[in-house]
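> The structure's right below; bear with me while I get my questions together.
Every number in this text was worked out from the coordinates using simple rules, so none of it is lab data. No experiment lies behind these values; they were computed from the predicted model shown. All Cβ positions, even for glycine, are placed from backbone atoms using ideal geometry, and neighbour counts span all protein chains on display.
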Amino acid sequence: MPLVSVICPVFNTDASMLRAAAASVLSQTGGAQAVQGQGQEAVELELLLVDDGTTAPATLEALEAIAADPRVRFIRNPRNLGPAGTRNAGIRAARGSLIGFIDADDLWPEGSLAVRLSAPAGPGDCILGAFEELLPGELRVTASPLPLSEEGQLLRDDWYAWEPDQAAPGLIAGWRHLGCLLAPKEALEEVGLFDETLLYGEDWLLMVRLAAARRIVGTEKPLYILRRQHASMMTRRERLTRAFSKAQETAYSDRRLRPYRKQLRWAVVRQYKGMAVNSLANGVPLNGVRCALLAWSMDPREVPQLLTFLRAAMTRDPSRRNETARRYCNAVVTPGLA
């Protein structure tokens, strides 16, 4: 019987959100679906809760209660490993041949597993779907279409397939939440799992590496719900530091991704420019200038844009400053970083 392992990293997560996340996975049914070419078989599910050093009593209590379910395995890291190391610990411990992911404060929608397992995928393929954002007031917004090339082959029922050389450029340019992925464990191992040197962007880098190595079978059906009702990485001051661009820099220097070097260079430039704009919007103009200079160093043709940014940095009026900065970069401005 095929086994699907779902990895859920936990660190002081709100207890009610953690319970909801776990329940959304444990309520999934696979049914008698064709699983990766293995024929019509029922599917077994396991949820791995990987704790990265939780100290909050309510979260610890919730973990203990959830782990009472026989389908749940509880793993505690010997020390704080961060998101990448915590997910890797879950992958290594997973018994399943197929691996899915959920953040401890997000949700799998009803039927998500069944849809993934119904994909017309072959052995070794990675399955990818869309996701919805859950905003305050229970408002749901469907994310933009899959950022893949138009070269995908229509298989059936809104399922498309992209060969390795087709999917990677689109995933470099865009972003798809890790929770939308169902991947063979051996494919994750083949690309080296998550890069544990990264604090941010480790999920993006893993997806790009998978797309460069494996066929992607994708759909626009929403397979994941991303909550936006809590503090996001996008509203943290760390977003202004060089750590926020390290994933793109790592990809750019990765020999395995050399065929996509042009796209990766632009990914680095976009990241630097986004950091520059958000530094300016949040009262750190010198850091913004530094990031803008980094973008220029990657592409000397950026001189006109660099001058635009410098004009924005010298503008005192906030509305005019932001308007000028937006002309420099179409990155989303997120003022008020903590």
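> Mind listing the phi-derived Karplus ³J(HN,Hα) values for region 119-127, rounded to whole Hz, using 6.51, -1.76 and 1.60 with θ = phi - 60°, and x for any glycine or proline?
The phi angles translate into 4, x, 9, x, x, x, 6, 9, 9 Hz.
> What nm distance separates the two modelled labels at residue 114 and residue 156, each placed 7 Å from Cα along Cα→Cβ?
Each label point is offset 7 Å from its Cα along the Cβ direction, giving 1.7 nm.
> Still on this model: Which entry in [x] 57, 43, 43; [y] 63, 49, 37; [z] 72, 50, 49 is this structure's computed Cα extents along the principal axes in Å?
[y]
> For region 234-328, what is the relative contact order in percent, using Cα pairs closer than 8 Å and at least 6 residues apart in sequence? The partial results should precede the final answer.
Working: 87 pairs, mean separation 19.8, N = 95.
Relative contact order comes out at 21 percent.
> About the Cα centre, and with charges only on the beta carbon of Lys, Arg (+1) and Asp, Glu (-1), how big is the dipole of region 234-328? Nearest 20 debye, please. List each step's numbers first, then the result.
Details: 21 positive and 7 negative charges, 45 e Å.
Approximately 220 debye in magnitude.
> Another question, then. With Cβ to Cβ distances under 10 Å as the rule, what net charge do the other residues near residue 309 carry (K, R +1; D, E -1)?
On the way: positive: 273, 311, 327; negative: 302.
With Lys, Arg at +1 and Asp, Glu at -1, the neighbours total +2.
> Quick check on the chain: helices-only [θ] at 222 nm, where DSSP H runs of length 4 and up contribute -39,500 (n - 2.57) each and the sum goes over total residues. Nearest 500, please. Could you put the intermediate results ahead of the total?
On the way: 12 runs with 132 residues, N = 338.
Taken over the chain, the calculation gives -12000 deg cm²/dmol.
> Hey, with R₀ at 56 Å, roughly what FRET efficiency would residue 290 and residue 97 work out to, going by the Cβ-Cβ distance, to 0.05?
Details: r = 46 Å, r/R0 = 0.82.
It comes out at approximately 0.75.
> Still on this structure, I have one more. So for the chain, taking the charge dipole from beta-carbon charges (+1 Lys/Arg, -1 Asp/Glu), which of 6, 121, 304 sits furthest toward the positive end?
304
> Just the number, please: percent antiparallel of the DSSP beta bridges in the chain, rounded to the nearest 5. Present the calculation step by step, with values, prior to reporting the outcome.
Working: 19 of 44 bridges.
Taking every DSSP beta bridge with both residues in the chain, the antiparallel ones total about 45 percent.
> Would you mind telling me which residue in 121, 94, 67 has the biggest mean-square fluctuation in a Gaussian network model of the chain, where springs connect alpha carbons within a distance under 10 angstrom?
Of 121, 94, 67, the most mobile in the Gaussian network model is 67.
> Let me ask you something else. Near residue 327, within a Cβ-to-Cβ distance under 12 Å, what is the net charge of the other residues, with Lys and Arg +1 and Asp and Glu -1? All intermediate terms of the calculation are to be shown ahead of the outcome.
Working: positive: 273, 311, 320, 321, 326; negative: 323.
Within the 12 Å Cβ shell, the charges total +4.
> Oh, and also: I'd like to compare 309-318, 19-28: which one has the highest average count of other Cβ atoms within 10 Å, and what's the full order after that? Walk me through the numbers on the way to the answer.
On the way: 309-318: 15.4, 19-28: 19.1.
Averaged packing, sorted descending, gives the order 19-28, 309-318.
> About the Cα centre, and with charges only on the beta carbon of Lys, Arg (+1) and Asp, Glu (-1), how big is the dipole of the chain? Nearest 20 debye, please.
Working: 40 positive and 38 negative charges, 328 e Å.
Once rounded to the nearest 20, the dipole reads 1580 debye.
> Using the charge dipole of the chain (Lys, Arg: +1 at Cβ; Asp, Glu: -1 at Cβ; taken about the Cα centre), state which of 45, 274, 94 has its Cα farthest towards the positive end.
Value computed over the given set: 274.
> Rounded to the nearest 0.05, what FRET efficiency do residue 68 and residue 141 have when you use their Cβ-Cβ distance and R0 = 35 Å?
On the way: r = 35 Å, r/R0 = 1.00.
It comes to 0.50.
> In a Gaussian network model over the chain where Cα atoms closer than 10 Å are linked, find which of 186, 196, 61 has the largest mean-square fluctuation.
61
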